[in-house]
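These notes are about the structure you will find just below.
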Amino acid sequence: MADATPSLALPLIAGGQAQKHVTHNEALALLDALVQLTVLDKDRAAPPANPADGDRYLIAAGNPDGAWTGWSGRIARFQDGAWLSLKPQAGWTAYVADEAEPYFFTGSAWTPLQATLTALQNLSRLGIGTGADAENPFAAKLNKALWTALTTAEGGSGDLRYTLNKQASGNVLSLLLQSGFSARAEIGLTGDDELRVKVSPNGGDWFEALRIDRTTGRVAFSGRITSADVPVLTGQVIAGNSGPGAVAAGATRYFTHALVGGHQSEVYAAAGRRGRFRHLRVVTQGAPGAGESWTFTLQNLVTDTALTCTISGAGSNQAADLVNSAVFDADQRWCLKMVSSSGARPTTNILFSLLFEGLD
């Protein structure tokens, strides 16, 4: 029969042993020393001058001296006026009171438990200040959060890139902003790969405010931008007057700001920047006459665009196209083409306006 337990080396009472209480009390003293192990310090290399009975220390120093000589890595307990050496085994833990830090024994050294938590792998849930659940396997309840780059002095690059990834274009990858757990805004790739900014008054109805094309970087606004319900000017108004030269019946003329010409090349103006023409409005000095018309079409070089309007009959002298639009690159040229029907009255000083919105 062994004379000590295999794990804590507690002395066992032998059969027929005299003064069994001595062995029993020694085992209790060892249990008192090792169970719920708390030590005062781990950084001393020699015993303190005036220890109290029951004081315990981790001897982490490589070469302790005095009564601790040769006890490196062990637990020292002051008991009955003498120091007792307790040899730890791998996996033992001890709470170091002066550091408020738990340590564990690896089999060769005492290591702070915090150092073992630098790598957490394959966690199914993590809650910080709150509980995580199946729908939100990561949940955090806090007032501030900080992400900062690992500096070059610490072995990093000094950069910080926060990467989010979705499975495919049709999935959603976004930052959803809520008020009282009701959605109010969303920024991200919501159902495709275009960057969108959306807002909601109630978490159910959504209005897209901005979209950025992923292939060109062009910015598009779903509606006119307003501030305090006042439209913000996001483009320029181009206005012109055909001048005093008459446009005769059956004629086709071309003009930009003021010039009337018989061919497009005489009057084309460069767009100057990439943008969209829309809101074509035309006002003439009179009406073309019953059964007659004047048709005005925005051209891109010699090609008609969808932006067009027609003044017809004897009772009207104005028309507009507020629906269609035409996009021009910076180097493309535009002019307004006018086609007068064969019996229309001659007219001069035709007024027109266009809204040009830059897309760069």
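The values are calculated or read from the model by the stated rules, or taken from the named source; none is laboratory data. What you see is a predicted model; the values in this text were computed from it and never measured. Neighbour counts are summed over all protein chains in view; Cβ atoms, including those assigned to glycine, are modelled from backbone coordinates with ideal geometry. These accessible areas exclude ligands, DNA and RNA; they are computed on the full protein's heavy atoms, side chains included. Shrake-Rupley method; radii C 1.70, N 1.55, O 1.52, S 1.80 Å.
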Kindly provide the set of residues from region 266-302 that are in a strand (DSSP E or B), on the phi < 0 side of the Ramachandran plot and more than 52 Å from the chain's Cα centre (by Cα), ordered by number. 290, 292, 293, 294
Taking region 53-89 as the search range and keeping residues that are open to solvent by less than 30 Å² (accessible area, probe 1.4 Å) and assigned to a loop (DSSP other than H, G, I, E, B), which one is modelled with the lowest pLDDT? 61
Restricted to region 326-360 and to residues being surrounded by 19 or more Cβ atoms within 10 Å (Cβ to Cβ) and of a type in the set (Gly, Ala, Ser), the residue nearest to residue 287 (Cα to Cα) is 344
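Across region 169-212, which residue is most open to solvent (accessible area, probe 1.4 Å) among those that are of a type in the set (Asp, Glu) and touching a strand residue (DSSP E or B) at 6+ places or on another chain (Cβ under 7 Å)?
Of the residues in region 169-212, the ones of a type in the set (Asp, Glu) are 186, 192-194, 205, 208.
Those still in the list that are touching a strand residue (DSSP E or B) at 6+ places or on another chain (Cβ under 7 Å) too: 186, 194, 208.
Details: 186: 24, 194: 23, 208: 56 Å².
Among those that are of a type in the set (Asp, Glu) and touching a strand residue (DSSP E or B) at 6+ places or on another chain (Cβ under 7 Å), it is 208.
So that you can scan it fast, the table gives a plain yes or no per residue for (1) open to solvent by 50 Å² or more (accessible area, probe 1.4 Å); (2) farther than 30 Å from residue 87 by Cβ; (3) free of Cβ contacts under 8 Å to residues at least 12 places away in the same chain:
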{"site": "103", "(1), (2), (3)": "no, no, no"}
{"site": "108", "(1), (2), (3)": "yes, no, no"}
{"site": "111", "(1), (2), (3)": "no, no, yes"}
{"site": "121", "(1), (2), (3)": "yes, yes, yes"}
{"site": "124", "(1), (2), (3)": "yes, yes, no"}
{"site": "127", "(1), (2), (3)": "no, yes, no"}
{"site": "131", "(1), (2), (3)": "yes, yes, yes"}
{"site": "135", "(1), (2), (3)": "yes, yes, yes"}
{"site": "142", "(1), (2), (3)": "yes, yes, no"}
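State yes or no: is residue 306 loosely packed, with under 13 Cβ neighbours inside 10 Å, among the aliphatic types (A, V, I, L, M) and under 17 Å from residue 356 (Cα atoms)? Can you show your working first?
Working: loosely packed, with under 13 Cβ neighbours inside 10 Å: yes; among the aliphatic types (A, V, I, L, M): yes; under 17 Å from residue 356 (Cα atoms): yes.
Criteria met by residue 306.
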